[in-house]
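Single-structure report; data block below.
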Amino acid sequence: MNTKVTRKLSYGVYLLSAREGGRDNACIVNTAVQVANDPTRISVAVIKANLTCDMIARTGLCNLSAITEDAEFSLFQRFGMQSGRDVDKFAGFSDTARSENGLLYLMAQSNGFMSLKIVASQDLGSHMLFIGELVDGEVLSGAPTATYAYYQDVIKKRAAQPEPVKKGWRCTICGYVYEGETLPPDFVCPLCKHGPEDFEPIGEAKPEAGPVKWVCSVCGYVHEGPEPPEKCPVCKVPAEMFKKQE
Ligand SMILES: Cc1cc2nc3c(=O)[nH]c(=O)nc-3n(C[C@H](O)[C@H](O)[C@H](O)COP(=O)(O)O)c2cc1C
């Protein structure tokens, strides 16, 4: 099985906001999907370590703002690459308004917002899947919603930031950069919680001959990365059963 096939799924990017005890917070998500229309229900998967996840679980409310293609990379940095546990993400950020539920939504870099009342949730391990009923919402513009691919290919690149490190590994999911020649095999992205298989080498750490491939000698599963996986995700045999592909 090639798990990279999941990258063929298409997503939009959204600001997911919550409010608890008079405090606002929000994070970036790419996992919002309408899953029913009578009544209208929308699911969103949120990393359990995120403050936004705890706030939604405790209050049962959230807003989703659809982010448009003209959005700046700094919006993603502000809300998607730091936690409300460490900073007040809305400090000095004024492009917002409050919906009837008292939560903030984006007024700029967005084409509309949805207010959700959580009606069900499911613990998925790394993420909590919330299902919310649409209770309020407004269209703000006709600008297209940015897809996750558009964020990766255009928004991130047009920021044209100078490369901060000479050697390292970049998370292909959220853009986090690990500085160092070798990425530890058990490394977990501190932002999006993805593992080494979703990191690519950058700068001088880039190998000349492409990524190392490890083949499971039992079922043939191919793993890409500096080390074989702890166990085969298909037939579950341990790392020792993997052979380096020459
Ligand atoms: C493009 C992009 C997509 C993301 N998608 C998700 C997602 O679907 N679910 C999620 O929980 N976090 C996602 N994240 C990561 C969170 O936005 C990030 O962990 C954030 O810092 C959490 O902040 P908080 O602790 O204040 O809630 C994404 C980040 C980026 C940049």
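Summary table
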| read-out | value |
| --- | --- |
| Residue that is nearest to Ile155 (Cα to Cα), among those in segment 1-18 that are more than 13 Å from the ligand (Cβ to nearest atom) and hydrophobic (A, V, I, L, M, F, W, C) | Val5 |
| Members of segment 36-51 found to be under 13 Å from Val119 (Cα atoms) and surrounded by 12 or more Cβ atoms within 10 Å (Cβ to Cβ), listed by number | Ala36, Thr40, Arg41, Ile42, Ser43, Val44 |
| Members of segment 61-76 found to be out of contact with any Leu (no Cβ under 6 Å at 6 or more places or on another chain), of a type in the set (Gly, Ala, Ser) and surrounded by 15 or more Cβ atoms within 10 Å (Cβ to Cβ), listed by number | Ala66, Ala71 |
| Residue ID - farthest from the ligand (Cβ to nearest atom), chosen from residues in segment 51-82 that are charged (D, E, K, R) and under 14 Å from Ala108 (Cα atoms) | Asp70 |
| Segment 83-104: number of residues that are near the ligand (Cβ under 9 Å from one of its atoms) and charged (D, E, K, R) | 3 |
| Residues being within 8 Å of the ligand (Cβ to nearest atom) and more than 14 Å from the chain's Cα centre (by Cα) - total across segment 19-50 | 1 |
| Count of segment 77-95 residues which are open to solvent by less than 10 Å² (accessible area, probe 1.4 Å) and of a type in the set (Phe, Trp, Tyr) | 1 |
| Pairs where the first residue, in segment 20-38, is without any contact (Cβ under 8 Å) to a residue 40 or more places away in the chain and the second is of a type in the set (Lys, Arg), C-beta under 9 Å, 6+ apart | Glu20/Arg58; Gln34/Arg41 |
| Verdict on Leu61 being more than 21 Å from Ala146 (Cβ to Cβ) and touching a Gly at 6+ places or on another chain (Cβ under 6 Å) | no |
| Exclusive hit being part of a loop (DSSP other than H, G, I, E, B) and open to solvent by 30 Å² or more (accessible area, probe 1.4 Å), set Leu191, Leu183 | Leu191 |
| Residue match in segment 124-142 (condition: of a type in the set (Ser, Thr, Tyr), open to solvent by 30 Å² or more (accessible area, probe 1.4 Å), within 16 Å of the ligand (Cβ to nearest atom) and in contact with a Phe, Trp or Tyr (Cβ under 9 Å, 6 or more places away or on another chain)) | no |
| Single residue of Pro201, Pro233 found to be part of a loop (DSSP other than H, G, I, E, B), within 29 Å of Asn30 (Cα to Cα) and either in the same structural domain as Met81 (by TED's automatic domain parsing) or not hydrophobic (A, V, I, L, M, F, W, C) (or both) | Pro233 |
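Table: residues versus (1) in contact with a Ser or Thr (Cβ under 7 Å, 6 or more places away or on another chain); (2) under 25 Å from Ala91 (Cα atoms).
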site: Asn2; (1), (2): no, no
site: Asn30; (1), (2): no, yes
site: Ala36; (1), (2): no, no
site: Arg41; (1), (2): no, no
site: Thr52; (1), (2): no, yes
site: Leu61; (1), (2): no, yes
site: Ser65; (1), (2): yes, yes
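The values are calculated or read from the model by the stated rules, or taken from the named source; none is laboratory data. Fair warning: this is a prediction, and the values are worked out from it, not measured in the lab. Note: ideal-geometry Cβ built from the backbone for every residue, glycine included; neighbour counts use all protein chains shown. In case anyone asks, the SASA skips ligands and DNA or RNA and just uses the protein heavy atoms, side chains included. Shrake-Rupley method; radii C 1.70, N 1.55, O 1.52, S 1.80 Å.
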